[in-house]
Amino acid sequence: MGHYKNFKSVIYCPVHWVQRVREEELEEQFSFYDKYVGVDKVYVEPFRSGELASREKLLLLKSFFEKHGVEVAGGFTTTSAREVPGKEHKSQRLFDTYCYTDKDFRAEIQKSIEFTAGIFDEIILDDFYFTNCTCEDCIKAKGNRSWQEFRLALMKDVSENVIVGPAKKVNPKCKVVIKYPNWMESYAEAGYNPGEQKDIFDGVYTGTETRNVMDQDQNLPRYLSYSLVRWMENLSPGRNGGGWFDAYQCYPMEDYLEQAYLTAFSRARELMIFCWPLVYDHYFIPTLGFQMQKIDALMSNVGECLGVAEYHPVNAQGEDHLADYLGMQGIPFEPTPFFPEKAKTIFFTAASTADGCVMEKLEKFVRDGGHAIVTSGFVKQMLGNGIEQMTSIRYRDRHLTATHYQVQSPDSWEQYKIPATRPITFPLMEHRNNTSWMLLKGMTSEKNFPILIRDCYGKGQMITLVVPDNFSDIQELPRDVLNAIRYEFSKNLDVYIECAKNVGLFQYDNGTFITYAYEYMNEGPQPCYVHVRGNAKKLVCLNRKRDNEVEPYRHVPENKWTHDPAETIFKISTHPDVFDFWKVES
C-alpha cells in the first residue's frame, strides 16, 4: 500500500552513494525518509561516469528495500569520464556525455546496460542521454547533414540497438524508461527524439527542475514544472511515469518546494526526489513531506487538467518558453505536440511553425469558427507563407518602447490610459486601420502600437499577441494590461482571474481549480477576482477548515459589447508561496 493516493513518493539513489553506503547506515537513513516523505519506490543506480557498482552491493540494497515494502527499479546515467588512449580528441565532450560514433564507448555502455538489466526489471535513464560530441569521427559521420539531423538519427540507432534491444535480450521483462530533461527547446539539437523514442522505450519521464531562476544556467521559467509534464502526457498518454526535481540552486526553500507543488498539480504519477545523499538529513524533506500529504488529500478532489491548447510540435524551437512566462501570469495551458483539432482556442508560437503544414491547419481552424491566438514571432515567420490572407499585419524590423498602455473598457467604446511601471520594448507589428483592430495598445509620445490585434476570418477570429523582446518583462506589465491578455486567452474557459502579477491558475474539468502565488516574485497578499462563467452560488476553498466559503462579489449580466455569457465574480486573496484549492458550486 503506497503512502499517497494520487502519486508515488520515489527517491533516486546514485552510484556514488550505492557504492559507499555501509549496510549499518541503511536503516537509519531509510527511517529518515520514510518518516517524513514515505518511500514508495527507489531507483538504484549501478552506473554513472564510468563507475559501476558491484552486483553484491546492488543485490544487498534491492533486498533491503524490498524487505521494507519498497518497489525497486534501476537507474542509469550515460556519462563516462574516462579518456580513451590515442583518442584524446574525445575530451571535447561536454558534461562527459558519450561519443556514440565510437565503438569502444558504445561497447562500454551496452555492457553496463546489460549488467543492469540482469538485476532490475525496470531501468530509467537519467537525462544525460544526449550527445554534443563534435570530434573528428562525429564530423565525418555527420557528412552534409545538420547536427540536428545527424544526432536525431544517431540516438534513434543507439536507443534501439545499444540500450533497449540489449536490455530486453538479457531480460525480456525489463521495462526501459527515458527521462527527458527540462530544456525541451534544445532536445533535437542534442539528439533527444521524443517523437520516435516514445515508441522505442517503454515509457517516458519528465524533468521538472526549475530551481532559482536568477542563478540557474538554463533559463527555465517556473511554470515549466507543470507544463512539461502535461506536454509529455499528451505526447505519450498514460506512459509518462512522473516528474523529477532536485535541490541544486534551490534557495530560498520555497524554490525547492514549488517544483514539487507544480509537478503534483500536473497529475504526475510519481514525485521523484533527486537524490538520496543530497537531501538526507536536510530540512527540506520534513517540509516537503508535510506539503505532499496536504496536496495528495486535495488532489483527490480535482479532475483532469484543463487549459488553453498550446501547439508545440516535437523537435520544435522558437520563442522558447513563452507559454511558461504567460502561464505564470494566470493563464492555464495544456501543451501538446499534436495539433489539437477539437480545441476551441489554440495558442500558436514561433515553435508551432516546426509543423510545415501549420498555416493550412491554422487557416482551416479559424475559418471553421476557431479562436486562435498567434504571437508576433509566429506572424513574422508566416509572412510570405500565407498568413497575409488572414491579417493586414506586416513587420518592418522596428521596435518601440511603451511609456503608457491603452486598455479597452469591457462594456463601452471608451479606452483608458495606464502608465508603464518600467520601459518595455516590443516589435512594431504594423497593420492597416479598420481591417485589423487593436484591442490593447502600447503608447510612446504621440504614437500608439498594438499588443493585441483582432482579425476576423471565416467563422472565427485570429488574435495576434505582440510579445516583449524580453519575455520575462511580461510580469512587469500593469495589472490591467495583464488582465486584458488573460481575458482574451480565457474566452473558452469556465474560469479566469483578474489580479496582480505572478499568480498561477491551474484548472481541472470538474469545476475545481488551484490558485498559487509565486513566492519571491510576488509582493505580498493581493486581492484576486475570480470570474466564473454562468451563475455560481459560491466558491469553496477545499484546504481551509474555517471561512472556506466565498459568496459572490458581483454578478455580471451578459456583456452587450463582447457578447460574453453571464458570469459571477468572487473576491479572494492570494499569498506568496501559498496554494489554494477551489471548487465552484452552482
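The values are calculated or read from the model by the stated rules, or taken from the named source; none is laboratory data. Predicted model, so just to flag it, every value in this text is computed and none were measured. A quick note on method: Cβ atoms are made from the backbone with ideal geometry, for glycine too, and the neighbour counts reach across all protein chains shown. Quick note on the areas: whole protein, heavy atoms, side chains included, nothing else; ligands and nucleic acids left out. Shrake-Rupley method; radii C 1.70, N 1.55, O 1.52, S 1.80 Å.
This table checks each residue for (1) in contact with a strand residue (DSSP E or B) (Cβ under 7 Å, 6 or more places away or on another chain); (2) within 14 Å of TRP231 (Cα to Cα); (3) of a type outside the set (Gly, Ala, Ser); (4) open to solvent by 10 Å² or more (accessible area, probe 1.4 Å).
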position: PRO286; (1), (2), (3), (4): no, no, yes, yes
position: LEU298; (1), (2), (3), (4): yes, no, yes, yes
position: GLU310; (1), (2), (3), (4): yes, yes, yes, yes
position: VAL314; (1), (2), (3), (4): no, yes, yes, yes
position: HIS321; (1), (2), (3), (4): no, yes, yes, yes
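Please verify whether the stretch 376-392 includes one or more residues that are out of contact with any Leu (no Cβ under 7 Å at 6 or more places or on another chain), open to solvent by 40 Å² or more (accessible area, probe 1.4 Å) and under 22 Å from LEU326 (Cβ atoms).
The answer is yes; a qualifying residue exists.
Looking only at the stretch 360-374, count every residue that is buried (at least 18 other Cβ atoms within 10 Å of the Cβ) and touching a Gly at 6+ places or on another chain (Cβ under 9 Å) and tell me the total.
Number satisfying all stated conditions: 7.
Is it the case that CYS305 is buried (at least 20 other Cβ atoms within 10 Å of the Cβ), in contact (Cβ under 8 Å) with a residue 60 or more places away in the chain, among the hydrophobic types (A, V, I, L, M, F, W, C) and in contact with a Pro (Cβ under 7 Å, 6 or more places away or on another chain)? If you could, list the steps in order and put the result at the bottom.
Numbers: buried (at least 20 other Cβ atoms within 10 Å of the Cβ): yes; in contact (Cβ under 8 Å) with a residue 60 or more places away in the chain: yes; among the hydrophobic types (A, V, I, L, M, F, W, C): yes; in contact with a Pro (Cβ under 7 Å, 6 or more places away or on another chain): no.
So CYS305 fails the test.
Could you tell me how many of the residues in the stretch 496-506 are touching a strand residue (DSSP E or B) at 6+ places or on another chain (Cβ under 6 Å) and open to solvent by 10 Å² or more (accessible area, probe 1.4 Å)?
Residues flagged as touching a strand residue (DSSP E or B) at 6+ places or on another chain (Cβ under 6 Å) and open to solvent by 10 Å² or more (accessible area, probe 1.4 Å) within the stretch 496-506 amount to 3.
Any chance you could count how many residues in the stretch 182-234 are within 17 Å of ILE124 (Cβ to Cβ), part of a helix (DSSP H, G or I), hydrophobic (A, V, I, L, M, F, W, C) and in contact (Cβ under 8 Å) with a residue 40 or more places away in the chain?
Total satisfying the criteria: 3.
Within the stretch 448-459, can one find any residue that is out of contact with any strand residue (DSSP E or B) (no Cβ under 6 Å at 6 or more places or on another chain), in contact (Cβ under 8 Å) with a residue 24 or more places away in the chain and buried (at least 19 other Cβ atoms within 10 Å of the Cβ)?
No, the stretch 448-459 contains no residue that is out of contact with any strand residue (DSSP E or B) (no Cβ under 6 Å at 6 or more places or on another chain), in contact (Cβ under 8 Å) with a residue 24 or more places away in the chain and buried (at least 19 other Cβ atoms within 10 Å of the Cβ).
Among the residues of the stretch 117-136, is any open to solvent by 30 Å² or more (accessible area, probe 1.4 Å), over 30 Å from MET272 (Cα atoms), at pLDDT below 95 and of a type outside the set (A, V, I, L, M, F, W, C)?
Scanning the stretch 117-136, I find at least one residue that is open to solvent by 30 Å² or more (accessible area, probe 1.4 Å), over 30 Å from MET272 (Cα atoms), at pLDDT below 95 and of a type outside the set (A, V, I, L, M, F, W, C), so the answer is yes.
For the stretch 42-74, how many residues meet the condition of being surrounded by fewer than 19 Cβ atoms within 10 Å (Cβ to Cβ), among the hydroxyl-bearing types (Ser, Thr, Tyr) and modelled with pLDDT of 95 or more?
2
If I ask for residues that are of a type in the set (D, E, K, R) and over 18 Å from ASP296 (Cα atoms), which ones from the stretch 510-548 would you list? Walk me through how you get there before you give the answer.
Going residue by residue through the stretch 510-548, those that are of a type in the set (D, E, K, R) are 519, 523, 533, 537-538, 544-547.
Correct list: GLU519, GLU523, ARG533, LYS537, LYS538, ARG546, ASP547.
Looking only at helices (runs of 4 or more DSSP H) that fall completely inside the stretch 104-174, which ones have 1 or more residues that are over 22 Å from SER186 (Cα atoms)?
By residue number, 136-142, 165-170.
Against the condition of a type in the set (Asp, Glu), surrounded by fewer than 24 Cβ atoms within 10 Å (Cβ to Cβ) and farther than 20 Å from SER300 by Cα, how does GLU209 come out, does it pass?
Considered against the rule, which asks whether it is of a type in the set (Asp, Glu), surrounded by fewer than 24 Cβ atoms within 10 Å (Cβ to Cβ) and farther than 20 Å from SER300 by Cα, GLU209 comes out as no.
Tell me, yes or no, whether the stretch 242-249 has at least one residue that is crowded, with 24+ Cβ neighbours inside 10 Å and either modelled with pLDDT under 95 or of a type in the set (Gly, Ala, Ser) (or both).
Kept after step one, since they are crowded, with 24+ Cβ neighbours inside 10 Å, are these residues of the stretch 242-249: 242-245.
Restricting the remaining residues to those that are either modelled with pLDDT under 95 or of a type in the set (Gly, Ala, Ser) (or both) gives 242-243.
Yes, the stretch 242-249 contains a residue that is crowded, with 24+ Cβ neighbours inside 10 Å and either modelled with pLDDT under 95 or of a type in the set (Gly, Ala, Ser) (or both).
Just for the stretch 75-111: of the residues that are basic (Lys, Arg) and at pLDDT 90 or above, which one is surrounded by the most Cβ atoms within 10 Å (Cβ to Cβ)?
ARG106
Could you please tell me which pairs satisfy a Cβ distance under 6 Å, a separation of 6+ or placement on different chains, a first residue in the stretch 139-163 that is over 16 Å from ALA316 (Cα atoms), and a second residue that is polar (S, T, N, Q) and open to solvent by 50 Å² or more (accessible area, probe 1.4 Å)?
Close Cβ pairs (under 6 Å, with a partner that is polar (S, T, N, Q) and open to solvent by 50 Å² or more (accessible area, probe 1.4 Å)) amount to VAL162/GLN110.
What helices (runs of 4 or more DSSP H) lie completely within the stretch 258-347 and have 1 or more residues being within 29 Å of ASN470 (Cβ to Cβ) and modelled with pLDDT of 95 or more?
322-327
Working only within the stretch 151-178, note down all residues that are more than 20 Å from GLY75 (Cβ to Cβ), crowded, with 20+ Cβ neighbours inside 10 Å and not aliphatic (A, V, I, L, M).
Scanning the stretch 151-178 gives a single hit, ARG151.
In the stretch 464-473, which residues are touching a strand residue (DSSP E or B) at 6+ places or on another chain (Cβ under 9 Å) and in contact (Cβ under 8 Å) with a residue 60 or more places away in the chain?
THR464, LEU465, VAL466, VAL467, ASP469
Is it true that THR206 is under 25 Å from ILE113 (Cα atoms) and of a type in the set (S, T, N, Q)?
Here the answer is yes, as THR206 does meet what is asked.
Pairs, please: C-beta under 7 Å, at least 6 apart or cross-chain, first residue touching a residue at least 40 places away in the same chain (Cβ under 8 Å) and farther than 15 Å from VAL358 by Cβ and in the stretch 383-396, second among the charged types (D, E, K, R) and open to solvent by 60 Å² or more (accessible area, probe 1.4 Å)?
Between residues of the stretch 383-396 that are touching a residue at least 40 places away in the same chain (Cβ under 8 Å) and farther than 15 Å from VAL358 by Cβ and residues that are among the charged types (D, E, K, R) and open to solvent by 60 Å² or more (accessible area, probe 1.4 Å), the close pairs are SER392/ARG432.
In the stretch 488-524, which residues are within 23 Å of PRO565 (Cα to Cα) and either in a loop (DSSP other than H, G, I, E, B) or among the basic types (Lys, Arg) (or both)?
Residues satisfying the conditions are SER490, LYS491, ASN492, LEU493, ASP494, CYS499, ASP509, ASN510, GLY511.
Across the stretch 1-41, which residue is nearest to GLY238 (Cα to Cα) among those that are modelled with pLDDT of 95 or more, surrounded by fewer than 20 Cβ atoms within 10 Å (Cβ to Cβ) and among the acidic types (Asp, Glu)?
ASP34
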